[in-house]
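Here's the structure, in structure tokens; my notes come after.
Derivation of every value follows stated rules applied to the coordinates shown; laboratory data play no part. Source: prediction; values computed, not measured. Cβ placement follows ideal geometry from the backbone for every residue including glycine, while neighbour counts extend to all protein chains displayed.
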Amino acid sequence: MYKCIEHIEDLLYLHDCVIVPGFGGFIGNYTEATIHPKTGILTPPSKKVVFNKHLKQNDGLLIHWIARKEKIDYEKAERRLSFFCEELKVRLNQNQKIIFGSIGTFYMDRRFNIVFEPGKQNFLADTIGMHDIEVFPSGKKSIPAEYINTDSGNIVTRLFKYGLSAAMITGIIIISQQDIFKADHRAETSNLQPTTIQTQTKSVHVPVIISPDCDFVEFDPLSTL
């Protein structure tokens, strides 16, 4: 039973409609990315699933998928799916609650109608690994005006670019700091000995300064910049 549920989950990432012949169909509803105007929390786009019990006609999609994944012929895959549907109906008629993987939950109400409660899983493949992010600092009380101007395009698209740019700048700063540290370290080790500075006309001897109290070499890497 659970193997068939996994097949349906996989197909929902690839298709907007997956029909379980004789039982019903799962439909993916797309929701655009949103941002909360007060908290600045950016929620990525998503595809949530609803269930339609009237979509029972076999379109071949699920059966072909089962046959290919389990390496069996079409007729055997069709029988396996048919047994799966019958088991679902029997368990629902026994007033059992069926957890349908990450898709949702099925149960029968008092009027013997099948009720589906969708899960929280996002079936939009392009957003796998994405989570809600805080675009603006928590101290901000509202979205900056330049992101609200409707003439400059979709607000969420601009905010995604804003967040990406901030992440790129942060990475560049970190890399630059590492390079500066390495450069300073090389400068420090090379200037612990007396150094002769060559010019076009003459050379100047720069002695090492030794602290009489602490007996260590004083060196300021910023003075060489």
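Key figures
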{"item": "Chain lengthening between residue 61 and residue 74 when straightened (0.36 nm per residue, less Cα-Cα)", "result": "3.6 nm"}
{"item": "Label point distance in nm, residue 54-residue 39, each placed 7 Å from Cα along Cα→Cβ", "result": "3.7 nm"}
{"item": "Euclidean distance of C-alpha centroids, region 30-55 and region 90-123, integer Å", "result": "21 Å"}
{"item": "Karplus 3J(HN,Hα) series, Hz, for region 105-122 with 6.51 cos²θ - 1.76 cosθ + 1.60 (x for Gly, Pro)", "result": "10, 10, 7, 9, 7, 5, 9, 6, 9, 6, 10, 10, 10, x, x, 9, 5, 8"}
{"item": "Pairs from 53/97; 56/76; 3/69; 69/89 whose Cα-Cα separation, in the structure shown, is over 21 Å", "result": "69/89"}
{"item": "Computed E for residue 132/residue 89 - FRET, C-beta separation, R0 30 angstrom, nearest 0.05", "result": "0.20"}
